[in-house]
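The values are calculated or read from the model by the stated rules, or taken from the named source; none is laboratory data. All values derive from a computational prediction rather than experimental measurement. We place every Cβ from the backbone using ideal geometry, glycine too, and count neighbours over all the protein chains shown. With ligands, DNA and RNA removed, areas are computed over all heavy atoms of the protein, side chains included. Shrake-Rupley method; radii C 1.70, N 1.55, O 1.52, S 1.80 Å.
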Amino acid sequence: MAAVQSEDLLALYPCLRGLPGHLALALSALRTLKLAAGSTLFDEGSACAGFPLLMAGEVRVVKTSAGGRSLYLYSVLAGGSCVLTQGCLLGGRPYNARGVAHTDLVLHLLPRALFEALLASHPPFRQYVFALFAERFSGLVALIEEVAFKRVDQRLARLLVARAPVLHVTHQALADDLGSVREIVTRLLHHFSEDGWVDLARERIRVLAPERLARFAQVGPQGPGEG
């Protein structure tokens, strides 16, 4: 672990500029943590150890059912932070989802006491925290709308268009992102392939007809959608 590089941190988190002396000193005393891809940053039911400031990499937050199915909720990239962690720190509750390192991570962890001090005495940090709440809440409402009111085939089409032209991904990973199961996603991809909309290879999907997929994602066909 290495000491915090202040300029790198402030470039990604400008809300931490202009701290009073004692808080700036506490911030500079933080250590840099490195986690390998696939590591669990936090798990369901675990206590919150602190507020992560992500310097590099991507954390994916997922909710897992009792039956083992996963639903992708959101990602945290460098310069961002995890609204679920904020809720756990503010409410004193354990995590109710899991955070996994999608890539190798570099981060700093604000301990609870420093997080609370920044929230209470540094308006730019407080504004950052609550702005993130508002942004994530809107995103989660949109996700609920997707899951509740759109079929899996439409949501898959929308995901393919968003990541076009080429996705290097497994069918299981797509199913996890959609909160579905691999067999359904594989079947739908083969339907799309038969229609000439995508080209399938091992852990690779090439989008051939993004306009057709986008139109399908909006209205869907009369026939066979999968739930």
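Some observations on this one:
- Tensor-based shape of the stretch 48-127 (alpha-carbon gyration tensor, a/c under 1.5 rounded, otherwise prolate or oblate): oblate
- Residues residue 47 and residue 120, FRET efficiency given R0 of 25 Å [Cβ-Cβ distance, rounded to 0.05]: 0.70
- The figure for residue 44 is an accessible area of roughly 70 square angstrom, using a 1.4 Å probe on the protein chains alone.
- Per residue, the stretch 1-114 exposes 47 Å² of accessible surface when a 1.4 Å probe is rolled over the protein heavy atoms with every protein chain present.
- When 176, 104 are compared by accessible area of protein heavy atoms, the largest-first order is 104, 176, using a 1.4 Å probe.
- A straight line joining the Cα centroids of the stretch 1-70 and the stretch 105-121 runs 9 Å.
- Over the stretch 154-216, relative contact order from alpha-carbon pairs under 8 Å, at least 6 apart, %: 43
- With θ taken as phi - 60° and the Karplus curve 6.51 cos²θ - 1.76 cosθ + 1.60 applied, the whole-hertz 3J(HN,Hα) list for the stretch 6-13 is 4, 5, 4, 5, 5, 5, 8, 10 Hz, x standing for glycine and proline.
- Computed on protein heavy atoms with a 1.4 Å probe, the accessible areas place 31, 98 in the order 31, 98, largest first.
- Relative contact order (percent, whole number), the chain, Cα cutoff 8 Å, 6+ residue spacing: 20
- Ellipsoid equivalent to the stretch 14-78 - semi-axes via the Cα gyration tensor, in Å: 30, 13, 12
- By the Stokes-Einstein formula, at 1.002 mPa s and 20 °C, the stretch 118-217 with its Kirkwood radius over alpha-carbon pairs has D equal to 141 µm²/s.
- Projected onto planes of every orientation and averaged, the convex hull of the alpha-carbon atoms in the chain covers 13.6 nm².
- The sum of -39500 (n - 2.57) across all DSSP H runs of n ≥ 4, divided by the residue count of the chain, sets its helix-only mean residue ellipticity at 222 nm to -14000 deg cm²/dmol.
- Residues 116, 135, sorted by accessible area with the largest first, give 135, 116 [1.4 Å probe; ligands and nucleic acids excluded].
- Think of it this way: in the chain, 15, 82 stand alone, with no other Cys Cβ under 4.7 Å.
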